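Only the coordinates and a few stated rules stand behind these numbers; no lab work does. Note that the structure is a prediction, hence the values are computed from the model and not measured. Don't worry about glycine lacking a Cβ; one is built from the backbone with ideal geometry, like all the others, and counts go over all protein chains shown.
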Amino acid sequence: MANGCDSNNELDECHSEAYLPGMGNPGDARAEVSKDYVLASDFDQTLSFNDSGIALSELLGTSGFEEKVRGLARINLVQQGGELAYLLLHDPEYRRVRREHLVEVGKRIRLKRNIGRLVEILESGIDGHRFRFYVVSAAPEEVVQSALAGLVPPERIRATRLDYDPETGEIRAVRHVSAGYGKVAALTELQQSLQLPADRVVYVGDGSSDVHVMLHVNRLDGYTIAVSENPFIAPIARRTILSDDALSVLVPILEDIAGCDAAGVRGVFSRHGLEIQEWGKVRTDFLTIRDAARSVPA
Ligand SMILES: [Mg+2]
């Protein structure tokens with residue numbers, strides 16, 4: 001990862017009260033140099049607390065969504081995370097969904113705190129590192145756009161695109177699903193359109209739909225953050241961070257990309273009028289242990 005861990009970089013936001021980011025401090029050539037990144041974030045359970053599919057099922061009053069998703073996952077018929085798109089096209093209970101249902105679901109989604117502030121801080125830049133914030137999600141784009149209205153502009157959202165029948169309003173096709181490998185395609189397209197090298201890509205996600213894209217980003221020296229202890233994701237991501245506040249992803253970004261130490265991280269938060277109340281660092285190992293005697297064939 002191209003990072004900002006310059007040992008002689010004393011005038012950065014992490015270490016100096018005197019530095020005002022973006023103010024072009026006289027005589028400080030480094031203030032002029034800005035490193036551009038793209039930060040792509042998953043939506044369901046990364047920026048929100050629950051899956052869009054569950055929220056939609058509640059709105060429709062249908063049950064068994066999770067069971068249907070598990071069934072689809074077992075037979076590997078669709079990319080992981082793309083189950084809702086499949087159900088919208090093929091399941092009689094979800095066939096009755098119209099655009100307005102999806103917009104309404106978005107309004108009901110409970111979001112993590114401070115998404116707007118996260119976008120603001122990333123876009124304004126930290127120590128010359130500027131991050132353009134995008135959402136790459138398997139959820140239908142109507143849901144994500146409506147949930148993030150006023151926080152993330154629609155043109156910054158790459159989500160599953162559906163095609164509607166103009167007469168009946170019925171969903172007649174899926175144009176693109178940003179799930180599983182579909183996220184790699186969406187992110188690659190984004191990175192190329194922004195003309196950024198692959199090592200300036202940061203990806204944040206929580207679940208098995210993010211496995212492909214995280215492996216892809218890591219392989220190209222980008223940076224990955226898991227926001228859950230999902231056993232498929234946590235071992236792949238460079239860092240795992242658990243919080244109900246979206247701003248928490250700033251911590252690994254400040255430490256590993258901007259090169260801040262713990263005091264520097266707290267300093268950046270406090271300059272934005274925020275305080276980290278609790279900060280526990282743990283390293284998690286996942287183990288399953290069995291009795292060796294029982295595994296010896298008779
Ligand atoms: Mg997710």
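Please indicate, with yes or no, whether at least one residue in segment 69-82 is touching a residue at least 12 places away in the same chain (Cβ under 8 Å) and in contact with a strand residue (DSSP E or B) (Cβ under 7 Å, 6 or more places away or on another chain). Yes, some residue in segment 69-82 is touching a residue at least 12 places away in the same chain (Cβ under 8 Å) and in contact with a strand residue (DSSP E or B) (Cβ under 7 Å, 6 or more places away or on another chain). Of all residues in segment 192-206, which are under 15 Å from the mean Cα position of the chain (by Cα) and not hydrophobic (A, V, I, L, M, F, W, C)? If the condition is that a residue be under 15 Å from the mean Cα position of the chain (by Cα) and not hydrophobic (A, V, I, L, M, F, W, C), then 203, 205, 206 are the ones that fit. A single member of 209, 178 is within 16 Å of the ligand (Cβ to nearest atom), within 19 Å of residue 223 (Cα to Cα) and not aromatic (Phe, Trp, Tyr), and it is 209.
When 220, 250, 187 are checked against the criterion of being surrounded by fewer than 22 Cβ atoms within 10 Å (Cβ to Cβ) and either of a type in the set (S, T, N, Q) or touching a strand residue (DSSP E or B) at 6+ places or on another chain (Cβ under 9 Å) (or both), a single residue qualifies: 220. Do we find a residue being free of Cβ contacts under 8 Å to residues at least 40 places away in the same chain and within 16 Å of the ligand (Cβ to nearest atom) anywhere in segment 191-203? No; the residues of segment 191-203 include none that is free of Cβ contacts under 8 Å to residues at least 40 places away in the same chain and within 16 Å of the ligand (Cβ to nearest atom). Among the conditions (1) without any contact (Cβ under 8 Å) to a residue 12 or more places away in the chain; (2) in a loop (DSSP other than H, G, I, E, B); (3) not hydrophobic (A, V, I, L, M, F, W, C), the only one that residue 231 does not satisfy is (1).
Taking segment 26-138 as the region of interest, the helices (runs of 4 or more DSSP H) fully inside it that hold 1 or more residues being of a type in the set (Ser, Thr, Tyr) and within 16 Å of the ligand (Cβ to nearest atom) are 52-60. Going through 234, 246, 226 one at a time, which residue ends up being within 16 Å of the ligand (Cβ to nearest atom) and touching a Leu at 6+ places or on another chain (Cβ under 6 Å)? Of the residues listed, the single one that is within 16 Å of the ligand (Cβ to nearest atom) and touching a Leu at 6+ places or on another chain (Cβ under 6 Å) is 246. From the list 189, 167, the one residue that fits, being assigned to a helix (DSSP H, G or I) and over 15 Å from the mean Cα position of the chain (by Cα), is 189.
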